[in-house]
1. Would you mind telling me which residue in 120, 90, 73 has the biggest mean-square fluctuation in a Gaussian network model of the chain, where springs connect alpha carbons within a distance under 10 angstrom?
2. In deg cm²/dmol, rounded to 500, what helix-only [θ] at 222 nm does the chain give when every DSSP H run of at least 4 residues adds -39500 (n - 2.57) and the total is split over its residues?
3. So how much slack lies between residue 106 and residue 72, counting 0.36 nm per residue of separation and subtracting their Cα-Cα distance, in nm?
4. In terms of the ratio Rg/(2.2 N^0.38 Å) built on C-alpha atoms, what value belongs to the chain?
5. Any idea what log10 I(q)/I(0) is at q = 0.26, 0.29 Å⁻¹ for region 1-59, Debye with uniform C-alpha scatterers and no solvent?
6. Pulled fully out, how much extra length does the chain show between residue 96 and residue 29, if you take 0.36 nm times their separation in residues and subtract their Cα-Cα distance?
7. Would you please give the FRET efficiency between residue 40 and residue 62, computed as 1/(1 + (r/R0)^6) with r the Cβ-Cβ distance and R0 = 35 Å, to the nearest 0.05?
8. Quick check: Cα centre of region 54-96 to Cα centre of region 19-51, how many Å?
């Protein structure tokens, strides 16, 4: 059994109301970055955490408090959500901090099948700045 955690972007989950529907759908259906697990292996979602928000240059280790909340429950792998991969300027710092503190946890750079990152970044920027739509609108193409 693979014990999975998902790390999502605070801006997307809190400011744009993302409920991780696509990430969870691909986990259930073993698509995207969840295809890597053997079909006979059960996937156990231990928890979904979001980052601590866009930190200052020296505060990237704040992520460790979030990771600890699932690491204490023997998580095998943490999948960085697509939004973390596509829009997070701190993802490499997060990877370094997590790997240093939790070397036995595998970090997987993705959840669902990625789309064009440039287009996604543009949509996220518009949603955050203009505020007329949220993540559900982006997912459904409204």
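A short reminder: the numbers here are calculations on the coordinates, not readings from a lab. These figures come from a predicted structure and were not determined experimentally. Positions of Cβ are backbone-derived with ideal geometry, glycine not excepted, and every protein chain shown enters the neighbour counts.
1. Maximum fluctuation in the GNM of the chain, among the listed residues, is at 73.
2. Calculated at 222 nm, the ellipticity per residue is -11000 deg cm²/dmol.
3. Length difference between fully extended and current span is 10.8 nm.
4. This ratio for the chain stands at 1.02.
5. Once normalised to I(0) and log-transformed, intensities are -1.07, -1.20.
6. Working it through step by step, the gained length comes to 21.1 nm.
7. Calculated value: 0.40.
8. A separation of 17 Å, based on Cα centres.
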